Amino acid sequence: MAKEVKTVRAAALSVGIFMMTGAAGAAPVFHGPTPYLSFPDSPFSGGSFSYFHPDNFESGALSVPGVTINLGTLVLAPSAQTNSIDGGSLYSGGDLSFFRFTFDAATLGGLLPTDAGIVWTDIGNTSGTQGVGLVFEGFDPLGVSLGSTGPFALGDGSTFGATAENHFFGVTNATGISAIETGVTGSIDWGVDHLQYGVSNVAAIPEPGTYLRAITGLATLPFIRRRRLGPVPFK
């Protein structure tokens, strides 16, 4: 019996360590920049998610749950000079050099997104340079940077709506994403569209209580067996 208990306890410990370190050890994956004309161009298109929230800003405001954005942004209505995927877009308001989208796990059912991204649609000429560099960054559940990509020179210098500069940027992190941030150097006249984020059914990490229940369940197997078979004599 002692040997059996030791074996099961060792198995439980191994499972716990594998579940926790296997997830935590997965490196974040950055996506883009890749050309983007519609959602099928997203790396998240066709994925399996326990929740997934896209926002195309066509409502005139940020309208998806569990995310806030830094102050100063404007939603532009469709016009000849609005660079957008569907008509409207999120604009820097002539005041911001970066957008930061912050996710709230409590509002999202206790799970931060494992996948998040945004489409860069426009860059103005306030810097006097065509193709101002763009940087994309993601942050883990503790607010620590997961790394960044860029800078990239993607602007086409046009003041009219066009699709050549529309590019997707995103990140996947199995342990969760607390925020994404994208910014440009030398310009406060630029825009983004098609914010999207969700929890992948493949990458989602169970709550700590799930690990504990799994380990506890394995550790109690010998005692369940003892109750079923009767007392086991000492050896």
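No lab work stands behind these numbers, since they all come straight from the coordinates. Quick caveat: nothing in here was measured; it's all calculated off a predicted structure. So basically every Cβ, Gly included, is an ideal-geometry build from the backbone, and we count neighbours across all protein chains shown.
Summary of values
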{"read-out": "For PHE139, distant residues with modelled amide H under 5 Å away", "value": "LEU146, SER178, ALA179"}
{"read-out": "In range of the label at ASN70: residues from the stretch 87-105 whose backbone nitrogen is under 15 Å from the point 7 Å along Cα→Cβ", "value": "91-103"}
{"read-out": "Segment SER148-SER45, length gained on full extension (0.36 nm per residue, minus Cα span)", "value": "34.9 nm"}
{"read-out": "Distance between modelled label sites at THR185 and ALA27, nm, 7 Å Cα→Cβ extension", "value": "2.4"}
